[in-house]
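These notes are about the structure you will find just below.
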Amino acid sequence: MSISIGSSGRSGGPQSLLRSMASEAEGKAFDGQVVGRLLTYLRPHRTKMILAFLLMLVVTGLTLGIPLLLKVAIDRYIAAGELRGLARISVLMGVMFLALFGAASGQRYLLSWVGQRVLATLRAQLMRHLQALSLGYHNRHIIGVTISRVINDVAVINELLSQGLIALIGDLLVLVGIIAVMLALSPSLALLTFSTIPLMLVVTYLFSRRAKVAFRQTRQSVAGVVGTLAEHLTGMRVIQTFAQEEAMRKRFDSANRENRNAYVDAMTLSFVFLPTVEFLAILATAIVLLFGGRAAAQGALELGVLVAFLAYVTRFFQPVQELSQLYTTMQSAMAGGERVLELLDARPEVTDPLDGREMPTVKGRIELRRVHFSYGSDVPVLRNVNLIIKPGQTVALVGPTGAGKSTIANLVARFYDVTKGNVLVDDIDVRTVVQQSLRRQTGIVSQEPFLFAGTVLDNIRFGLPDIEAGSVEDAARQANAHEFIMDLPKGFETEILEGGANLSMGQRQLICIARAVLADPRILILDEATASVDTATESLIQEALDRLLSGRTAIVIAHRLSTIRKADLICAMQDGEIVSRGTHDQLLEEGGLYATLYQRQFMEQ
């Protein structure tokens, strides 16, 4: 089982991310391709969406029908003094209000039901996709921004899909229905009332142009806040070590201020637009009262028609306000949808071949044949590296930082693919087999041990969750971890805090070694496994590693050269090349790079 523990540098930061996205704020107001792809998430729930649509039609019909019923009550029964007919109309109106309440409630329930399932489905798909992406993607993207995509952007997409589309259709039907009914009741009064529509169209147009940019900026700025926060929390030890709390607080305040300003700008547009719509509604109501009231007083218009007009005018501008709010939701969903789909469209740099086979049981022969590699740039990291590691052999890689040591380990585990050349395990090119079948037989213990929240027991058997507790204890003994684990408050059932905060660095490393022992890999990669511990703990770790290395093919990356003197082969690397190789004694006798590094460390010690 592959066990890779460590941290990676990430290019740029939250502020640079916001700057790079600023030019994209002028995105499309509506992207049919984005909407079309997002609508596929509603397909499994089409029955409930159809039912919600039908309930929406019921709500629309009742909304349009109630003012007409009011007109009939006034003109036919109140004016004629027919109390029996008025009672029937009153009962019917009560039934219609109850039906309206039931249909609206049912519609909201169905849309919420669908929305929560779409939300869970989309987030689960994103999680699976993130796991499938290569390490190169995660090294280039800020964790907090990725989290914002999965949490914030998906939430606003869900709001559009589950609530917005039905609301859009419903509001449009209500608007069209009101216009048609008003024209049927009194064409002249309807045309006078609609004189406010050109003003409303101008206001809506101006609002939509500004809102398109404003609400995209809100999606970008909230991602910047989350990214900055995640970066600061991850690097809190470094921040406090260098007493940079104030400087980092200013960086966060800057991102927070950008987010605040973006939301204030967006909300300001809404706060200006909505009162304007309300003013136009009052103006339309005044027109109805002035001209309709005069016509009713002269007997040219029935009083019930005037009352119905007042009800329709009030209802006419509600969909306009709702559509404006829906527009802001659509703007956020378009911005979020583009980001989410961009994430889903990201292709893994390392993929299994279509005809990939399972890696057979590994004997442990590793060969790097004329290997060249660069991390997506023109600057080569490895140049024409040739190396053969025999089964059961321990090979140490030494050299200055940036020489390419960890890159070789990443290529053997196939976290990256070579730019040129071949990496072979038991004479099989690692690119021809299923990745997991290779990594199940590869163990990696890195400089920075990583533990998950959970018990000690769960962390050790992370790669084999169903294995019995007795095997876990045996692995802990071999890793020299059993003694300190039993001293913990609940032994193997002790809960580990996030990041292993309640354990020392050495204890975390011993647990990670126990995890590797339990997985029983045929190929073992040790990347600076003892670099961050004290001398006493280093002795325990080294003793555990010696047992772990026995009978396995091992690649050991070390700066402490005293830990690799017993290696079967030591390769000294510089500038992406192996400049010398041999045993400890042979390399000291040659007097090259290894001898220089060793003598320098000896003098320092």
Report task. With N denoting the number of residues in the range 187-300, provide Rg(C-alpha) divided by 2.2 N^0.38 Å, to two decimal places. Result -> 1.89
**Report entry** Ratio Rg/Rh [Cα only; Rh per Kirkwood] for the range 243-327
**Finding:** 1.43
Requested in this report: Could you pull out the longest piece of the chain with no exposed loop GluC sites (Glu not before Pro) in it, calling a site exposed if DSSP puts it outside H, G, I, E, B and it has at most 15 other Cβ atoms within 10 Å?
Outcome: 83-348
Report summary line: Full extension between Leu274 and Leu303 adds, at 0.36 nm per residue less the Cα distance, a length in nm of 7.4 nm
Query raised in the report: Relative to the longest principal axis of the chain, what angle (0 to 90°, nearest 10) does the C-alpha long axis of helix 303-345 take?
Result: 10 degrees
Requested in this report: Would you list, by chain and number, the aspartates and glutamates whose Cα falls below 14 Å from the Cα of Lys566, excluding same-chain residues fewer than 8 positions away?
Outcome: Glu543, Asp546, Asp585
Query raised in the report: Could you give the radius of gyration (one decimal) and Dmax (whole number) of the Cα atoms in the range 253-386, in Å?
Result: 32.9, 103
Query - Nearest-ten-degree value, helix 83-132 long axis tilted from longest Cα axis of the chain - result: 20 degrees
Query raised in the report: Counting only protein heavy atoms and using a 1.4 Å probe, what share of the accessible area of the range 187-300 belongs to carbon plus sulfur, as a whole percent?
Result: 65 percent
Requested in this report: Among DSSP beta bridges whose residues both lie in the chain, state the antiparallel percentage, nearest 5.
Outcome: 50 percent
**Report entry** Helix 245-287 axis, angle to the chain major axis (alpha carbon atoms, nearest 10°)
**Finding:** 20 degrees
**Report entry** Normalised per residue, the volume of the convex hull around the Cα set of the range 435-509 (Å³)
**Finding:** 103 Å³
Query raised in the report: If all Cα-Cα distances of the range 478-594 are sorted into 5 Å bins from 0 onward, what percent lands in each bin, rounded to whole numbers?
Result: 2, 10, 19, 20, 16, 13, 9, 5, 3, 2, 0
Report summary line: Residue span Gln321 to Phe194: 0.36 nm per residue of separation minus Cα-Cα distance leaves a gain in nm of 44.1 nm
Query raised in the report: With every protein chain left in place, what is the accessible area per residue of the chain in square angstrom, probe 1.4 Å?
Result: 49 Å²
**Report entry** Residues of the range 341-373 with amide N under 18 Å of a point placed 7 Å along Cα→Cβ from Ile388
**Finding:** 363-371
Report summary line: The computed P(r) of the range 350-400 puts the percent of Cα pairs beyond 16 Å at 65 percent
Query raised in the report: What base-10 log of the normalised intensity I(q)/I(0) is obtained for the chain from the Debye formula, alpha carbons as equal point scatterers, at q = 0.12 Å⁻¹?
Result: -1.24
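The values are calculated or read from the model by the stated rules, or taken from the named source; none is laboratory data. As the structure is a prediction and not an experimental result, all values here were calculated from the model. Backbone-built Cβ (ideal geometry, glycine too); neighbour counts: all protein chains shown. The accessibility values were calculated without ligands, DNA or RNA, using every heavy atom of the protein model including side chains. Shrake-Rupley method; radii C 1.70, N 1.55, O 1.52, S 1.80 Å.
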